[in-house]
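Enquirer: Below is a structure I'd like to ask you about.
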C-alpha cells in the first residue's frame, strides 16, 4: 500500500513537471534577448519586453478589453446555459436528443466554418466590427461547454429540493434563489471559469467579426508570433495564462465558500 502511494506521488510530480514545462519555457523566452545554440539558458536576459507591454497604452487597452469581454461573455453564457441545461436535464420533449447534439455543433464543426456562417448574419444586422457582435460570437463557442457542465449538474441534483420547497409553500423566485442556486452554484462557477477562459483565448472569431476594430490580447499576440518576436509574444501568452489561472483561483475559493454555507442555507 505504501509502495503504491509512493508510485502515485512520483507519477503526480512527473505530470506536474511536464505540465509546467511549457510555462517555464514561456518565462525564459520572455526575458531571453540572445539564446544561441547550444546554450541551455539565454546568454543575455532582460525585462524590457515585459516593460514594453506593461507601459504600452495599446496593450493595456487590449488587456482591459479582453477581461471585460470575457466577463460579459460569461454572464451571457450563464444566463442562457442555466435554463437551457435545466430543460435538457429534467424535462422530456420532442426532439430532445437532437437539441443535445445541436448544442455541441460549435465544438464539432470547425470554428472558421461556424464564424463565416454567422458573419453573413452579422453583416445584415450591422454587428460586424462591434463589441456586441464579438461578445455574441464568443458566446456561441462558450455555450456548449457551459450547457454540458450544467446538464451534468442538474442530472445529479435533480429537482427534489425544488419540489420540497414548493410543497412547503415557497414561490418560484424564493425557490430559485434560496434552494436551486446554492445547490447548483459549484457547477455555475465551473461553467463560468471555462467560459471566461474560452473567451479570452478566441482569435479567429474576434478577427473576423471584430474586423480589426476590437483589439484583444490574442489580436496582438498572433502578429508578434508571425514576426518572430517571440519575447513579446511570450509576455502576452503569460498574461493570458495568468488571467486563466486567476479566474480558476477565484472559482476554487468561491466553491469552497459555498460548500461551507450549504449547511447553513438548508437549516
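The values are calculated or read from the model by the stated rules, or taken from the named source; none is laboratory data. All values derive from a computational prediction rather than experimental measurement. All Cβ positions, glycine included, derive from the backbone under ideal geometry; neighbour counts span all protein chains shown.
Enquirer: For the stretch 107-139, which residues satisfy the criterion of being crowded, with 19+ Cβ neighbours inside 10 Å and at pLDDT 90 or above?
Expert: 133, 134, 135, 136, 137, 138, 139
Enquirer: Now a separate question. Report those helices (runs of 4 or more DSSP H) wholly inside the stretch 1-112 carrying at least 3 residues which are farther than 18 Å from residue 201 by Cα and touching a helix residue (DSSP H, G or I) at 6+ places or on another chain (Cβ under 9 Å).
Expert: Answer list for the stretch 1-112: 2-31, 48-54, 57-90, 96-103.
Enquirer: On to the next question. Based on this model, can you work out whether residue 171 counts as surrounded by fewer than 19 Cβ atoms within 10 Å (Cβ to Cβ), over 24 Å from residue 133 (Cα atoms) and at pLDDT 85 or above?
Expert: On the way: surrounded by fewer than 19 Cβ atoms within 10 Å (Cβ to Cβ): yes; over 24 Å from residue 133 (Cα atoms): yes; at pLDDT 85 or above: no.
No.
Enquirer: For residue 267, which of the numbered conditions (1) modelled with pLDDT under 80; (2) surrounded by 17 or more Cβ atoms within 10 Å (Cβ to Cβ); (3) assigned to a loop (DSSP other than H, G, I, E, B) fails to hold?
Expert: Exception for residue 267: condition (2).
Enquirer: A further question follows. Inspect the stretch 73-82 for any residue being in the same structural domain as residue 213 (by TED's automatic domain parsing) and more than 30 Å from residue 213 (Cβ to Cβ) and give the result as yes or no.
Expert: Looking through the stretch 73-82, at least one residue is in the same structural domain as residue 213 (by TED's automatic domain parsing) and more than 30 Å from residue 213 (Cβ to Cβ).
Enquirer: With 204, 215, 209, 251 as the choices, which residue is crowded, with 18+ Cβ neighbours inside 10 Å, within 24 Å of residue 76 (Cβ to Cβ) and modelled with pLDDT of 85 or more?
Expert: Step by step, each of 204, 215, 209, 251 is checked, and only 209 is crowded, with 18+ Cβ neighbours inside 10 Å, within 24 Å of residue 76 (Cβ to Cβ) and modelled with pLDDT of 85 or more.
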